[in-house]
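To start, the structure under review is shown below, and the notes come after it.
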Amino acid sequence: PTAELADGASHVFPPVQEENREQAEYQHLVLEVIADMQLTDEEMKNLAAARQRLGLSDDEVRGVLYKVLADFLETMTADGMVTKDEMTLLKELNTCLHRIGEGRI
């Protein structure tokens, strides 16, 4: 995917490849953490430690987060309808993923 940044520049993020064990492991950790759509400081610290341990670049982390979002959107729109509850859940997911991507505790 390509992101258009606020300053007008764009950035291309590499796709997450299934054979990348480190990215797959990080994605699994992210999915565990966001299951309740609540992020604790401890969970954020654990994700930061996992990024470090797995040697993931910022681009790789963003790729994982975009894949999580894309997978959710694909599932959410599979029936051709988006309910109010799904929109609420999408907003919560977006907030969680932004916080994870920024590494804020």
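Counting only heavy atoms of the protein chains and using a 1.4 Å probe, residue 62 has close to 80 Å² of accessible surface. Please work out how much accessible surface residue 45 shows to a 1.4 Å probe, ignoring ligands, DNA and RNA, in Å² rounded to 10. Surface accessible to solvent at residue 45 totals approximately 120 Å².
For residue 84, the shell of other residues with beta-carbons less than 14 Å away shows a net charge of -2, using +1 for Lys and Arg and -1 for Asp and Glu. With R₀ set to 22 Å, the beta-carbon distance separating residue 57 from residue 102 gives a calculated FRET efficiency near 0.90.
A 1.4 Å probe, protein heavy atoms only, puts the accessible area of residue 81 near 120 Å².
Anisotropy class assigned to segment 29-105 is prolate, per the alpha carbon gyration tensor with a/c at or over the 1.5 cut-off and a/b larger than b/c.
The values are calculated or read from the model by the stated rules, or taken from the named source; none is laboratory data. Please read all numbers here as calculations on a predicted model, not as lab measurements. Reconstructed Cβ throughout: ideal geometry from the backbone, glycine too, with neighbour counts over all protein chains shown. For accessibility, only protein heavy atoms count, side chains too; no ligands or nucleic acids. Shrake-Rupley method; radii C 1.70, N 1.55, O 1.52, S 1.80 Å.
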